[in-house]
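Remarks on the structure that follows.
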Amino acid sequence: MRSPVGLDATFAALADPTRRAILARLALGEASVLELAKPFDMSQPAVSKHLKVLERAGLVSRGRDAQRRPSRLEARPLAEATRWLADYRQFWVRSFQNLDALLEELKRNGKKQGRASRPRKRK
Amino acid sequence: MNVRDTFKCTPSGEREIIMTREFDAPRKLVFDSLTRPELVCRWLLGPEGWTMPVCEIDLKVGGSYRYVWRHDTKGTEMGIRGVYREIAPTERIVHTEKFDQAWYPGEAIVTITLAERNGRTTLTMIILYDSRETRDNVLKSSMERGVIASYNRLEDILAQLVSK
C-alpha cells in the first residue's frame, strides 16, 4: 500500500484532462517533451509543468538521456486509484444487500422469541 | 419497489454526499445492525472476499469505533476509525470517519438518520467532507462514469502493452 500522500497526489494529477491525455499518449510508448508538445499544440514549458505534476504523483518517470529525457508511464498508482474509485459505491451497494439478509434473519428470530416469551391468552 | 432498487447516492451542497436506502424492517433492527459490533461485522463487508476481523464499538458520545477489513486471498487491509458525537437510539447517529489510508484528507462527519413507515425503514446517510474538492473526488466513484471509463480505457491499453 502506498503512502496516503501518494494516493491524494494521484487523484489531483488525474483531475486534469490534459494530463489524462498525456497519460493516454504515454500508454502507447515513451515520449520526449517535444514529442508530447506537438500533438497537444502546447508550449514545451506548459507540457513540462504537467509532466512535473504527473512525476510527483508517481504516474510518470523520466529517462536518464540528458537530451531527450523521455517520459514513461508508471502503471501501478493508476491501477490503485482506479480500484478505489470503482469500489466506493460498490462497497455500499453490496453491504446494504448483506444488511437486507441480516435484517430478515433478525426479524425471524424476533418472531420466534416473541412467540416463546408471550403468554398465550387466547384459544 | 424492491428495497434493493432504493439505493441513491447524490451530491448535496458544496461538501456533502447523501446516500439513502430503504430496508424492509423496523427501525430498531436497523439501528441495532448499525451499532452492535457482532451485527456490524456480518454485513458491512462490501464486495465478496472481504472479512472484518476488527469491529469495536464504544457506543456513547465521545466513544470511538474501529473497523478493519481484510481481503481473504490478497491479504490487503483497510481500516477506519472515528468518534461518536451524537447518539439518539433508533433515530440518529453522528460520528466522525477517518480512513487509515487517507483516501481523502482530513475527517468526514457522518450523520445517519432512520425513519420508519409501515414497517419499512429509510436510512439516510449524510457524509460531510472538509472540502468541495475532496467530496468531488469521492463522488467520481459513483457519478462520473466517463472518468472511470477513461481510466479503464487506459488500463486496457496498458494490458495490451504488457501482453505484447
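The values are calculated or read from the model by the stated rules, or taken from the named source; none is laboratory data. For clarity, every value in this text was computed on a predicted model and none was experimentally measured. Neighbour counts run over all protein chains shown; Cβ positions are idealised from the backbone, glycine included.
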Next on the checklist: Let me confirm something: among B:Ile112, B:Ile127, which residue is at pLDDT 95 or above and part of a strand (DSSP E or B)?
Outcome noted: B:Ile112
Checklist entry - Here is a list of conditions, (1) surrounded by fewer than 16 Cβ atoms within 10 Å (Cβ to Cβ); (2) assigned to a loop (DSSP other than H, G, I, E, B), and B:Thr10 meets all of them except one; can you say which number that is? => result (2)
Next on the checklist: With the condition being within 18 Å of the chain's Cα centre (by Cα) and at pLDDT 75 or above, I'd like the helices (runs of 4 or more DSSP H) fully within segment A:4-96 carrying at least 2 qualifying residues.
Outcome noted: A:4-14, A:17-26, A:44-56
Checklist entry - Is it true that some residue in segment B:135-144 is hydroxyl-bearing (Ser, Thr, Tyr), modelled with pLDDT of 55 or more and either touching a helix residue (DSSP H, G or I) at 6+ places or on another chain (Cβ under 7 Å) or not in a strand (DSSP E or B) (or both)? => result no
Item to check | Enumeration of residues in segment B:28-56 that are within 16 Å of the chain's Cα centre (by Cα) and not in a helix (DSSP H, G or I) | outcome: B:Leu44, B:Leu45, B:Gly46, B:Pro47, B:Glu48, B:Trp50, B:Thr51, B:Met52, B:Cys55
Checklist entry - When residues of segment B:32-60 are filtered for being within 11 Å of chain A (Cβ to nearest Cβ) and buried (at least 16 other Cβ atoms within 10 Å of the Cβ), how many remain? => result 13
Checklist outcome for this item: B:Glu97 fails exactly one of (1) within 11 Å of chain A (Cβ to nearest Cβ); (2) at pLDDT 90 or above; (3) closer than 15 Å to A:Phe91 by Cβ, namely (1)
